[in-house]
């Protein structure tokens, strides 16, 4: 008789039964190999998972990526630092504002720059709006994959409002390209703070409705609790970051551990899970939306006045009015536009706490306006690496729940 290893994780029990049967030479039956993706709706992009099945139980899972590869890192090595900003929009295309900021902060670290207080506050505003937008879509699609259609309608309505705010702030709804090295394209428009406050007032009651629809729903609990458990040790070993890491009980948030953009002056909590299952990852994202609302409120209450660009006339574009009236500013504009910023020789790494996890940029500079080497540390790429560990032992019907709880985007995974 086979020995079953007791474990609170049903998937671990299933894996133990399969391994124990193999060791004892028992007949498992013929396995079936199927492809899930790269055009399956639950993979949320061009992700292909090669599944080996014993009946309905997954015995092996191999993620096949690369269908969306665009060569962003090589492109960056052939253009000026500012010219690469629009390409960062296409990484995690659900949070382009946050991508812009993370990349700009990496280059500014190389330059030794720090923005004035108003510039930092506007960037925090952008990052937290992007976090809310990303989590709203992630939770909505996650719920819809499992069958809760109403939740998607709630979350997508508020995400559309964020797109309207993005259009007011940047002139674009989706691919914003708002950030520039050393600042932003322009300041906040008049009345924008009132629009954000109105959005917050409308969001919180709807978030409570989503909470009521899902958090104590028996069907939702059956589909997510004790499913896709990632232990604290496995999460760290596989390089998981963001809500997936915190859902496994690791209290790690770069905004707290390595504060940037003045995050140390804002009061907010870091939600942490206890079990590390799909349900915990859902709860973490729900609470992160509320904490982002807290940060937004503090930013708006304390919004400083003053400039939004660093004070470096040789490397920051002068005001357009000066360019049209003064010869010196016209020359500076021409040099910066044609040659780029004059970056020093050196190498830096900067990681920002993006909605999907730590988005990092490594830059190797040999001087001048073009990086010698640029490497992107994409959180979705690392987060997907754990699929081969957690999928075996689950039923095929659990795969959409697990993928939705990880909340990845293939744009930054393949780059």
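The values are calculated or read from the model by the stated rules, or taken from the named source; none is laboratory data. If you're wondering where the values come from, they're calculated on a predicted model, not measured in any experiment. For neighbour counting, all protein chains shown are included, and Cβ atoms are generated from backbone atoms with ideal geometry for every residue, glycine included.
When you check residue 186 against the structure, is it outside any helix (DSSP H, G or I) and in contact with a helix residue (DSSP H, G or I) (Cβ under 9 Å, 6 or more places away or on another chain), yes or no? Even if it seems obvious, please write down each step before you answer.
Values: outside any helix (DSSP H, G or I): yes; in contact with a helix residue (DSSP H, G or I) (Cβ under 9 Å, 6 or more places away or on another chain): yes.
When the stated conditions are applied, residue 186 passes them.
Could you tell me which residue of the stretch 380-398 is surrounded by the fewest Cβ atoms within 10 Å (Cβ to Cβ), considering only residues that are part of a helix (DSSP H, G or I) and in contact with a helix residue (DSSP H, G or I) (Cβ under 7 Å, 6 or more places away or on another chain)? Even if it seems obvious, please write down each step before you answer.
Here is the first cut: in the stretch 380-398, the ones part of a helix (DSSP H, G or I) are 380-384, 387-390, 396-398.
Now restrict to residues that are in contact with a helix residue (DSSP H, G or I) (Cβ under 7 Å, 6 or more places away or on another chain): 380-381, 383-384, 389-390.
Details: 380: 29, 381: 19, 383: 25, 384: 21, 389: 16, 390: 27.
Step by step, filter the stretch 380-398, then rank; the result is 389.
Kindly evaluate residue 73 against the criterion of being touching a residue at least 40 places away in the same chain (Cβ under 8 Å), farther than 30 Å from residue 299 by Cβ and part of a helix (DSSP H, G or I). If you could, list the steps in order and put the result at the bottom.
Numbers: touching a residue at least 40 places away in the same chain (Cβ under 8 Å): yes; farther than 30 Å from residue 299 by Cβ: yes; part of a helix (DSSP H, G or I): yes.
Here the answer is yes, as residue 73 does meet what is asked.
Condition (residue is under 30 Å from residue 221 (Cα atoms) and within 18 Å of the chain's Cα centre (by Cα)) applied to the stretch 260-270: is it met by at least one residue? Spell out how you get there, then give the answer.
So in the stretch 260-270, the residues under 30 Å from residue 221 (Cα atoms) come out as 268-270.
Okay, now just the ones that are also within 18 Å of the chain's Cα centre (by Cα), so 270.
Within the stretch 260-270, one or more residues are under 30 Å from residue 221 (Cα atoms) and within 18 Å of the chain's Cα centre (by Cα).
Any residue in the stretch 125-149 that's assigned by TED's automatic domain parsing to the domain that holds residue 162: show its pairings with residues that are in a loop (DSSP other than H, G, I, E, B) at Cβ separation under 6 Å, as long as the two are six or more apart or on different chains.
Qualifying pairs under 6 Å: 130/95; 131/355; 134/94; 134/95; 134/355; 137/94; 138/407.
Taking the stretch 248-275 as the region of interest, how many residues are crowded, with 17+ Cβ neighbours inside 10 Å, assigned to a loop (DSSP other than H, G, I, E, B) and out of contact with any helix residue (DSSP H, G or I) (no Cβ under 8 Å at 6 or more places or on another chain)?
Total meeting the criteria: 1.
If residue 370 meets every condition in (1) on the phi > 0 side of the Ramachandran plot; (2) crowded, with 18+ Cβ neighbours inside 10 Å apart from one, which number is that one?
(1) is the only condition that residue 370 fails.
Tell me the residue from 203, 240 that is within 20 Å of residue 157 (Cα to Cα), modelled with pLDDT of 90 or more and either in contact with a helix residue (DSSP H, G or I) (Cβ under 9 Å, 6 or more places away or on another chain) or not in a loop (DSSP other than H, G, I, E, B) (or both), please.
Values: 240 fails: within 20 Å of residue 157 (Cα to Cα).
Being within 20 Å of residue 157 (Cα to Cα), modelled with pLDDT of 90 or more and either in contact with a helix residue (DSSP H, G or I) (Cβ under 9 Å, 6 or more places away or on another chain) or not in a loop (DSSP other than H, G, I, E, B) (or both) holds for just one of 203, 240, which is 203.
For (1) modelled with pLDDT under 90; (2) touching a strand residue (DSSP E or B) at 6+ places or on another chain (Cβ under 6 Å), each residue gets a yes or a no:
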| residue | (1), (2) |
| --- | --- |
| 68 | yes, no |
| 74 | no, no |
| 84 | no, no |
| 91 | yes, no |
| 94 | yes, no |
| 97 | no, no |
| 101 | no, yes |
| 104 | no, yes |
| 107 | no, no |
